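Please read the structure below before turning to the comments.
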Amino acid sequence: MAFAKNDLDQRLALVRPEDTVRGLIFNAVLTLAEKQLGPDTAARLREPLFKRSPVDFFSYSAVDAIRLLYATSEALEKAGRFGTQEDAVRACGAAAVTGFFSSTVGQTLTRLIGKGDPKRLLSNAPTAYSTLVSYGRREYTVVSERHVRLSFHGDMQPVQFHEGVLQEALKAIQCKGTVVGTPHGYFAADYDIVWE
């Protein structure tokens, strides 16, 4: 399924001036672009927003984060790196997790959580997200022994981005599972995470 033609505009309209995203997310998306498309393309994607790479734990405009996500995912799809733009957005989400777990904060969190404990990881997801973005709220609910739901409210990122984030988070703790996002308009979604 392709994004609606006005999807980007609809999401940008939801962003408030005070909504921010940490530089770590920008850098993760740009690193993915560099690996998949080369340094020149990554620089072209970065230049409309930044003269040089953002600082990981500084906060930057959520508008710029969404613009970068859409420009990068479109470039990745057009280059044939991913089958659809939605798949490319998932890859950007996965790259964000890789970047986060490579950071000092992420490494500390991994040591605290340990491997193979998805409930422990996902119960901390609302706090982890709050360290990376200034907007929205997230709720964690246990559905069954191997099934939890994260509900996002006030988050304008596409569902596919968070599907990629959550799937990669499971992978980071060596857990096999599935993540299915169900959008509720442009500003809310539920993510059902089930594992073996």
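The values are calculated or read from the model by the stated rules, or taken from the named source; none is laboratory data. Treat the numbers as computed from the prediction; the structure is a model and nothing was measured. Cβ coordinates were reconstructed from backbone atoms using ideal geometry, including for glycine residues, and neighbour counts include every protein chain displayed.
Points worth noting:
- Meets criteria (within 18 Å of Ala172 (Cβ to Cβ) and modelled with pLDDT of 95 or more) for Ala75: no
- Those residues of the stretch 52-72 which are farther than 17 Å from Tyr135 by Cβ and in contact with a Pro (Cβ under 9 Å, 6 or more places away or on another chain), in sequence order: Tyr70, Ala71
- Residue that is surrounded by the fewest Cβ atoms within 10 Å (Cβ to Cβ) [pool: residues in the stretch 18-71 that are in contact (Cβ under 8 Å) with a residue 60 or more places away in the chain and in a loop (DSSP other than H, G, I, E, B)]: Glu18
- For the stretch 120-138, the criterion of a residue being exposed (fewer than 13 other Cβ atoms within 10 Å of the Cβ), basic (Lys, Arg), out of contact with any helix residue (DSSP H, G or I) (no Cβ under 9 Å at 6 or more places or on another chain) and outside the structural domain of Leu14 (by TED's automatic domain parsing) is satisfied by no position.
- Any hit, the stretch 105-112, residues being outside any helix (DSSP H, G or I) and without any contact (Cβ under 8 Å) to a residue 12 or more places away in the chain: no
- Condition check for Gly93: assigned to a helix (DSSP H, G or I), within 29 Å of Asn6 (Cα to Cα) and either out of contact with any Phe, Trp or Tyr (no Cβ under 8 Å at 6 or more places or on another chain) or not hydrophobic (A, V, I, L, M, F, W, C) (or both): yes
- Any hit, the stretch 101-112, residues being modelled with pLDDT under 95, closer than 26 Å to Val194 by Cβ and surrounded by fewer than 15 Cβ atoms within 10 Å (Cβ to Cβ): yes
- Only one entry in Tyr191, Tyr186, Tyr129 is within 30 Å of Ala4 (Cα to Cα), assigned to a strand (DSSP E or B) and of a type outside the set (A, V, I, L, M, F, W, C), namely Tyr191.
- Here is the figure for the stretch 72-100: residues that are buried (at least 17 other Cβ atoms within 10 Å of the Cβ), free of Cβ contacts under 8 Å to residues at least 60 places away in the same chain and closer than 20 Å to Ala43 by Cβ total 7.
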